[in-house]
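J.: This is the structure I want to talk about, given as structure tokens.
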Amino acid sequence: MARKHYKENFGSIAELVKAATHTWSARPPLSRGEESRAAGTTWNGGGTFEEAVDLITYGWSEGAEKIVKGIRALEQGFSTRKNAYSIAGGRPKISRVISGRPDCMVRRGKRKGRKKVIRLGVNLSANYKVRARDIQNFGIGLLTVVNSLETQGFSVELTAYEKSAKMGDTITIATRIKNAGDALDVDRAAFVLSHPAFLRRLMFAIIESKVEYDAFTKNGGYGSASSVTQGDVDADEYIIAGLTNRTNLNTPKEAARHMVGLVNKLLGRDVLDLTGLED
């Protein structure tokens with residue numbers, strides 16, 4: 001039997017909300033009940049489906065405050081501009097001192113000219129064991145990196161992905177969170193990237209929305225969280241590996257360190273400095 005690979009693309013958060021809230025009127029109710037409308041728990045972020053819709057529509061101010069607080073705490077020692085090196089400067093770069101390089105002192109410099117666009121696709125898929133705390137720390141770490149890249153002079157485009165697999169079939173849901181050149185809407189981004197209800201309410205609602213996706217909800221569950229591959233995204237889009245099965249992002253600092261390492265590896269150079277994130 002041929003495997004089926006479904007994909008949903010939403011060009012904005014508003015498009016996603018429209019599709020998610022259209023679920024009940026678009027098809028008969030599922031016999032097993034809609035998990036997106038289940039009772040509120042810590043696992044799914046608490047509250048109701050309708051409250052989750054309000055948070056993504058109008059912004060999660062409480063979460064945004066935590067995000068901003070976390071970013072500020074991390075960036076106290078985080079290098080957010082492109083570094084230049086000299087024999088004199090504000091502080092030493094330890095790795096250069098150890099290697100005996102004379103140009104071991106950091107001078108801060110700003111990028112000039114047209115901003116380079118960096119397209120990031122972040123996988124928000126998470127299996128049931130991933131805690132709400134891990135999701136929140138992941139969001140703080142990711143937005144710290146996005147903020148740092150933009151401070152350096154890059155223009156970041158950000159797309160959120162959710163990918164599930166069941167019995168060889170897959171469904172990938174892509175939602176544009178931020179266009180290059182646009183200011184980041186922190187209140188709404190905070191909900192998408194760090195509130196469990198985005199995945200466990202709204203993404204589930206999308207999977208529930210069409211009869212052809214019933215295979216993913218049959219016999220319980222919504223499939224297994226899966227890795228987003230280059231075939232799922234555009235050729236010039238960098239994939240940020242998400243939580244999937246990660247349950248060890250115990251602090252925002254651990255999450256940010258994880259993100260910095262991923263971004264530097266993807267871009268092929270140390271665009272972001274780990275100084276201040278090291279133990």
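J.: Scan the stretch 178-202 for residues that are farther than 17 Å from residue 136 by Cα and crowded, with 20+ Cβ neighbours inside 10 Å and report the count.
T.: Selection size over the stretch 178-202: 1.
J.: Is it the case that residue 213 is assigned to a loop (DSSP other than H, G, I, E, B), farther than 17 Å from residue 159 by Cβ and either modelled with pLDDT of 75 or more or touching a Gly at 6+ places or on another chain (Cβ under 6 Å) (or both)?
T.: So residue 213 does not fit the description; no.
J.: Counting only residues that are touching a residue at least 60 places away in the same chain (Cβ under 8 Å), touching a strand residue (DSSP E or B) at 6+ places or on another chain (Cβ under 8 Å) and not in a helix (DSSP H, G or I), how many does the stretch 182-210 have?
T.: Number satisfying all stated conditions: 1.
J.: I'd like the full set of residues that are assigned to a strand (DSSP E or B) and in contact (Cβ under 8 Å) with a residue 60 or more places away in the chain, limited to the stretch 163-181.
T.: Answer for the stretch 163-181, where residues must be assigned to a strand (DSSP E or B) and in contact (Cβ under 8 Å) with a residue 60 or more places away in the chain: 163, 164, 165, 169, 170, 171, 172, 173, 174, 175, 176, 177.
J.: Pairs needed: first member in the stretch 251-274, free of Cβ contacts under 8 Å to residues at least 24 places away in the same chain; second member anywhere, in a loop (DSSP other than H, G, I, E, B) and crowded, with 21+ Cβ neighbours inside 10 Å; C-beta distance under 7 Å; at least 6 residues apart or different chains.
T.: From the stretch 251-274, the pairs are 264/272.
J.: Here's a follow-up. Sort out which residues of the stretch 14-31 are more than 15 Å from residue 217 (Cα to Cα), part of a helix (DSSP H, G or I) and either at pLDDT 60 or above or touching a Leu at 6+ places or on another chain (Cβ under 8 Å) (or both), and write them in order of number.
T.: 14, 15, 16, 17, 18, 19, 20, 21 - these are the residues of the stretch 14-31 that are more than 15 Å from residue 217 (Cα to Cα), part of a helix (DSSP H, G or I) and either at pLDDT 60 or above or touching a Leu at 6+ places or on another chain (Cβ under 8 Å) (or both).
J.: Considering only the stretch 132-162, state which residues are of a type outside the set (Ser, Thr, Tyr), outside any helix (DSSP H, G or I) and at pLDDT 85 or above.
T.: Result: 154, 156, 157, 158, 160, 162.
J.: Separate question: Since residue 228 meets every condition but one in (1) out of contact with any helix residue (DSSP H, G or I) (no Cβ under 9 Å at 6 or more places or on another chain); (2) crowded, with 22+ Cβ neighbours inside 10 Å; (3) not in a loop (DSSP other than H, G, I, E, B), which condition does it not meet?
T.: (3)
J.: Can you give me the number of residues within the stretch 44-57 that are among the polar types (S, T, N, Q), part of a loop (DSSP other than H, G, I, E, B) and either out of contact with any Leu (no Cβ under 9 Å at 6 or more places or on another chain) or at pLDDT 90 or above (or both)?
T.: Residues flagged as among the polar types (S, T, N, Q), part of a loop (DSSP other than H, G, I, E, B) and either out of contact with any Leu (no Cβ under 9 Å at 6 or more places or on another chain) or at pLDDT 90 or above (or both) within the stretch 44-57 amount to 1.
J.: Would a scan of the stretch 58-75 turn up a residue that is surrounded by 13 or more Cβ atoms within 10 Å (Cβ to Cβ), at pLDDT 90 or above and more than 20 Å from residue 133 (Cβ to Cβ)?
T.: yes
J.: Could you tell me whether residue 222 is part of a loop (DSSP other than H, G, I, E, B) and hydroxyl-bearing (Ser, Thr, Tyr)?
T.: In short, yes.
The values are calculated or read from the model by the stated rules, or taken from the named source; none is laboratory data. Small disclaimer: the values here were computed from a predicted structure and weren't measured. Glycine gets a Cβ as well: all are built from the backbone with ideal geometry, and neighbour counts include every protein chain shown.
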